[in-house]
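> Below is one structure. I have some questions about it.
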Amino acid sequence: FADTAMYHAKRRGRNNFQFYSADLTARASERMRIESALRRALQRNELELYFQPQIDMTDGAFVGAEALLRWKRLGQGIMLPHKFIPVAEESGLIVGIGEWVLAQACGAAVAWNRHREQPLRVAVNLSTRQFILNDLAGTVRRILDETGCPPQWLELEITESLLLEDSKEIRATLETFDRMGLSIAIDDFGTGYSALSYLHRFPVKRIKIDRSFVRGVPSDRRKSEVVKAMISIAQAMSLEVLAEGVETPLQAIYLQAHGCRLAQGHLFGIPLPRSGFEAMAGNDRGIVS
Ligand code: C2E
Ligand code: MG
Ligand code: MG
Ligand code: MG
């Protein structure tokens, strides 16, 4: 009996290994395909920055936009970031792509705010690897300079995991950003290993409540309570709070009732190419600039 069991275990083991390695090989070659195409994407102008409005729910005013990357490959439709950002991060291509994103975003803010009394702020997502592989503060300073964008118009979105790296260099970079007058937002708040104590130790201006929590509002009691608690925490720590992924009027009502004024989500606008965003946002006088 023992021999038979061993025989089956070995067989099963070997089969599992074969499935596993075939799957890994397929995924590795998919990654390599994406990576080599991504290497040429910038030169070929295949990357485009979309903009999603951020609004103040109390008066419906646009306060800013988050810049979101899209990859338009000829004849292949749009590829969303979850498919290629990880590849860009692992290969280091994120450094060049990230610089391009920053320059495009700052350029857009300068164009929008030429005709506005209340300037819009543009928010850019940063990957941890951009902090590690690159003099990020120097890069940002140069891009602000080249585009003529005041630092107050740029917000940098980082994740909790970046703060948990607990690195001197990352802390120094964030402090430089703060001294330069940029604002820093914690993206996807609540999905990381949220030890609230770390927030105090960094120059963070705003938290963005992750949409996985907002999705449960108001029907899911527990998630709704968590959202309420996050808003209270933000207020207690004098942080601004913005809710991500707001899709329904009931969510907007709940958020406002508990003190969250700022929101982003399909209810207020999907990410659009720059021209589409500009047509929607217009300028202070409601005229497209
Ligand atoms: P994120 O920073 O959390 O961006 C918000 C995501 O939520 C976007 O997905 C946006 O399209 C989506 N979203 C917004 N409102 C709603 C809503 O009401 N309902 C639902 N279901 N989704 C909504 P997207 O554009 O696919 O981007 C995914 C992630 O890719 C981003 O998440 C961000 O972490 C990353 N990413 C995007 N652009 C860049 C970039 O330029 N650089 C880096 N490093 N990461 C980027
Ligand atoms: Mg973001
Ligand atoms: Mg993000
Ligand atoms: Mg997010």
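The values are calculated or read from the model by the stated rules, or taken from the named source; none is laboratory data. Note that the structure is a prediction, hence the values are computed from the model and not measured. Every residue, glycine as well, gets a Cβ built from its backbone with ideal geometry; the counts of neighbours run over all protein chains shown. Each accessible area value is taken on the protein alone, full model and side chains, heavy atoms only, with ligands, DNA and RNA left out. Shrake-Rupley method; radii C 1.70, N 1.55, O 1.52, S 1.80 Å.
> Please pick out the residue among S275, S238, S219 that is surrounded by fewer than 18 Cβ atoms within 10 Å (Cβ to Cβ) and either assigned to a helix (DSSP H, G or I) or touching a strand residue (DSSP E or B) at 6+ places or on another chain (Cβ under 9 Å) (or both).
None of the other options fit; the residue is S275.
> Another one. Just to be sure I understand, how many residues within region 157-170 are part of a helix (DSSP H, G or I) and among the charged types (D, E, K, R)?
Initial filter on region 157-170 (part of a helix (DSSP H, G or I)): 160-164, 168-170.
Filter again for among the charged types (D, E, K, R), leaving 160, 168-169.
Counting residues in region 157-170 that are part of a helix (DSSP H, G or I) and among the charged types (D, E, K, R) gives 3.
> Can you name the condition, by its number, that T191 falls short on among (1) open to solvent by less than 50 Å² (accessible area, probe 1.4 Å); (2) within 12 Å of ligand 1 (Cβ to nearest atom)?
(1)
> From K228, K205, grab the single residue that is open to solvent by 50 Å² or more (accessible area, probe 1.4 Å) and away from ligand 2 (no atom under 16 Å from the Cβ). Don't jump to the end; show me each part of the working.
Numbers: K205 fails: away from ligand 2 (no atom under 16 Å from the Cβ).
Going through K228, K205 in turn, just one is open to solvent by 50 Å² or more (accessible area, probe 1.4 Å) and away from ligand 2 (no atom under 16 Å from the Cβ): K228.
> Moving on to the next point. I need the full set of residues from region 20-46 which are more than 13 Å from V87 (Cβ to Cβ) and of a type in the set (D, E), in order please.
D23, E46
> Ok, one more. Among the listed residues L133, L93, L80, L74, which satisfies the condition of being within 16 Å of ligand 3 (Cβ to nearest atom) and within 24 Å of R33 (Cβ to Cβ)? Let's see the steps before the verdict.
Values: L133 fails: within 16 Å of ligand 3 (Cβ to nearest atom); L93 fails: within 16 Å of ligand 3 (Cβ to nearest atom); L74 fails: within 16 Å of ligand 3 (Cβ to nearest atom).
None of the others qualify; the one that does is L80.
For every residue, the table says whether it meets (1) open to solvent by 30 Å² or more (accessible area, probe 1.4 Å); (2) more than 16 Å from ligand 2 (Cβ to nearest atom); (3) under 15 Å from the mean Cα position of the chain (by Cα); (4) of a type outside the set (A, V, I, L, M).
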site: S183; (1), (2), (3), (4): no, no, yes, yes
site: L196; (1), (2), (3), (4): yes, yes, no, no
site: R201; (1), (2), (3), (4): yes, yes, no, yes
site: I209; (1), (2), (3), (4): no, no, yes, no
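> Checking the condition at pLDDT 95 or above, within 28 Å of L144 (Cβ to Cβ) and within 16 Å of ligand 1 (Cβ to nearest atom), which residue from R211, R215, R206, R179 passes?
After ruling out the rest, the residue left standing is R206.
> Would you pick out the residues in region 28-71 that are in a helix (DSSP H, G or I) and of a type in the set (A, V, I, L, M)? Before you say what the answer is, go through the steps one by one.
Residues of region 28-71 that are in a helix (DSSP H, G or I), as a first pass: 28-41.
Across region 28-71, the qualifying residues are A28, M32, I34, A37, L38, A41.
> Of the residues R171, R141, which single one is within 20 Å of the chain's Cα centre (by Cα), of a type in the set (K, R) and more than 16 Å from ligand 2 (Cβ to nearest atom)?
Of R171, R141, the one residue that is within 20 Å of the chain's Cα centre (by Cα), of a type in the set (K, R) and more than 16 Å from ligand 2 (Cβ to nearest atom) is R171.
> Can you confirm whether region 72-90 contains a residue that is open to solvent by 40 Å² or more (accessible area, probe 1.4 Å), part of a helix (DSSP H, G or I) and farther than 19 Å from D187 by Cβ?
So far as region 72-90 goes, yes, one or more of its residues are open to solvent by 40 Å² or more (accessible area, probe 1.4 Å), part of a helix (DSSP H, G or I) and farther than 19 Å from D187 by Cβ.
> If you don't mind, there's one more thing I want to ask. Could you list, in sequence order, all residues of region 171-188 that are in a helix (DSSP H, G or I), hydrophobic (A, V, I, L, M, F, W, C) and touching a residue at least 40 places away in the same chain (Cβ under 8 Å)?
Within region 171-188, F177, M180 qualify.
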